[in-house]
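The values are calculated or read from the model by the stated rules, or taken from the named source; none is laboratory data. As the structure is a computational prediction, the values presented were derived from the model and not from experiment. Quick reminder, even Gly has a Cβ in these numbers, built from the backbone with ideal geometry, and neighbours come from all protein chains shown. In case anyone asks, the SASA skips ligands and DNA or RNA and just uses the protein heavy atoms, side chains included. Shrake-Rupley method; radii C 1.70, N 1.55, O 1.52, S 1.80 Å.
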Amino acid sequence: MSIDLQKAADVAKLARIRVEDHMLPELAREFNEILGFIEQLNEVDVEGVEPMVSVTPMPLRRRADEVTDGNMRSRILSNAPDAREGFFVVPKVVE
Amino acid sequence: MTARLTALGVADARSKLRAGEITSVELTEACLTEIDAARALNAFVHDTPEIALEQARAADARIADGNAPSMCGIPLGIKDLFCTRGVPSQAASRILEGFRPEYESTVTRNLFDAGSVMLGKLNMDEFAMGSSNESSVYGGAVSPWRRRGDTASLVPGGSSGGSAAAVAADLCIGAIGTDTGGSIRQPAAFTGITGIKPTYGRCSRWGIVAFASSLDQAGPMTKTVRDAAIMLGAMAGHDPKDSTSADLPVPDFEAALTGDVRGKKIGIPTEYRVEDMPSDIETLWTKGKEILRDAGASVVDISLPHTEYALPAYYVIAPAEASSNLARFDGVRYGRRARPGAGDGVTDMYDKTRAEGFGPEVQRRVMIGTYVLSAGFYDAYYNRARKVRALIKGDFDAAFADGIDAILTPATPSAAFALGELAEADPVRMYLNDIFTVTVNLAGLPGISVPAGLNAQGLPLGLQLIGRPWEEGDLLNHAYVLERAAGGALKPDRWW
């Protein structure tokens, strides 16, 4: 599997990271190198093997579905780059 | 010359504090002075002297009252990956510039509840992605070690490079790190200290900036094995806020250090004998086997047949989980937001924020992770890697079922390298640093790196022991035997 410039641009877009056009050839080269390394996995016989879900053989614990926290709006907003009137503020969302 | 106060380890400091020979305030002030004198190491990146002295005064009062826990009054360095309330917690990334958490991670909370003192935050690779500490937004941490007759700066390893440098240079009594593929054990080996990654689930991950959630574990980085045992006991424990944290009692790890390994069975995995392994490392490995054999253990060859596929499986699973975990850094709720251009919508804001905020290695891994999880490739890469991971764990399960108590391997395939030496190389060359450590994360096992000796250039090398799940006490006891026979912590000559 080899990654061309278009595919590299698609992946960057999916990852929500702006990559300038002139950087794409280098990015594609690095992807191909890493994927070449990863493709060693194709040598392994995985027939009938279940993909690992959890490394410890114990189920995830459940808890009661109760509100245990809250009423801390100012603390939640305290690290926001832009917060006004009790809300996070973002640029326009509607295209 | 009298030894510096800051050269104390956890156990020795505990004795002196309890005996009233020193106070936590004195010890804390001595550490703060050393930190100030060691800026050349770039180990501490955010200092918290006011918090430290306040905690030290409280610890002294508690010690005077009697019955203070072991970690009470002990000054520690905290990896920048841990969220510490009101204190910058940046994961060494530009994207978390200015972030001051409104909450405390469970591991630091546990340590502070036990009376420990926070000296400040320690340098690391950005988001714990790296093996040299060079991907940090703060610039690389520098090892206190140098090659004999050479002044070139060496890396302290990574990702917990600041923690390793700080402990090795005696800037603090102990430090905490995290380990996703070797990030505690490799820097410990590079700097001549001890570092343990406990069993997955032993320490709560709550409040630790997530890299790869199924692999990340916190652990202590210390001057001795005993110190690691004491500190791990204070860090560990069940936490309802982390659903993967194990609801198991935390044993007294220090009490497990009997020095008796008679009748134990040590496995030597033949697959860990890699091509081009330096002869120094081969020699140390042999020395480690002899030490354990002399102590009455039996040493047998074992096979872990899927070892060579651990790194490629890791470089699917870790980036996949990272791409998901790091999706939260979007410039909305915390951290740094890119300056918007005229007419930019919210998507432009995300794209620019992440391009400016993440360094090259983090961007690379987020994009690789995005790719292996994308429609059409999920089965070929991600699911296949998870199957290989199951096989790797199966290799260990089989060895332990055969009666193996611990597995002995080198900790790293080489000694520390120079700053910049691998920076321009292919990313895969840097990844190879974790070849001996990454299997342990994939299998969720406890692993410890113990200083074992110096190479021909005078640099420290470590041996790794891998234990059965939840049996950190037994693992630490094996490490204790190695440490006593190998001579213990190695100390660099002071040049800073």
Whether the stretch B:389-479 is rounded, prolate or oblate, judged on the alpha carbon gyration tensor where a/c under 1.5 counts as rounded: oblate
Once Rh for chain B is found with the Kirkwood sum over Cα pairs, what is the Stokes-Einstein diffusion coefficient at 4 °C and 1.567 mPa s, in µm²/s? 58 µm²/s
Which percentage, to the nearest 5, of the DSSP beta bridges contained in the protein assembly as shown is antiparallel? 65 percent
Rg to Rh quotient for chain A, alpha carbon positions, Kirkwood Rh: 1.16
Averaged across the residues of B:371-382, what count of C-beta atoms belonging to other chains lies within 10 Å of each residue's C-beta? 3
Kyte-Doolittle at least 0.0, axis length at least 18 Å by Cα - qualifying DSSP helices, chain B: B:24-37, B:310-325, B:360-373
Tell me the Kirkwood hydrodynamic radius of the protein assembly as shown in angstroms, computed as one over the mean inverse distance between distinct C-alpha pairs. 24.2 Å
Protein chains only, probe 1.4 Å: how do B:His306, B:His478 rank by accessible area, largest first? B:His306, B:His478
Column: log10 I(q)/I(0), Debye, Cα scatterers of the stretch B:1-84, q = 0.11, 0.12, 0.13, 0.16 Å⁻¹: -0.30, -0.36, -0.42, -0.63
When only Cα pairs under 8 Å and 6 or more residues apart are kept, what is the percent relative contact order across chain B? 18 percent
Cross-link partners among aspartates and glutamates for B:Lys79, C-alpha distance below 17 Å, same-chain residues fewer than 8 apart left out? B:Asp47, B:Glu97, B:Glu104, B:Asp125, B:Glu126, B:Glu134, B:Asp170, B:Asp179, B:Asp216
Rounded to the nearest 10 Å², the accessible area of B:Trp495 at probe 1.4 Å: 80 Å²
Kirkwood hydrodynamic radius of the stretch B:262-370, from inverse mean 1/r over distinct Cα pairs, in Å: 18.3 Å
Mean accessible surface per residue for chain A, computed with a 1.4 Å probe while every protein chain stays in place, in Å²: 74 Å²
Positive end of the charge dipole of the protein assembly as shown (Lys, Arg +1 and Asp, Glu -1 on Cβ, about the Cα centre): tell me which of B:Ala141, B:Phe417, B:Gly458 has its Cα farthest that way. B:Ala141
Please tell me which of these pairs span more than 23 angstrom C-alpha to C-alpha: A:Lys13/A:Lys92; B:Lys121/B:Lys223; B:Lys16/B:Lys223; A:Lys7/B:Lys387? A:Lys7/B:Lys387
Could you rank B:Arg328, B:Arg337, A:Arg63 by how accessible they are, 1.4 Å probe, largest area first? A:Arg63, B:Arg328, B:Arg337
Nearest 20 debye, what's the magnitude of the dipole of the stretch B:415-496 about its Cα centre given +1 on Lys and Arg Cβ and -1 on Asp and Glu Cβ? 240 debye
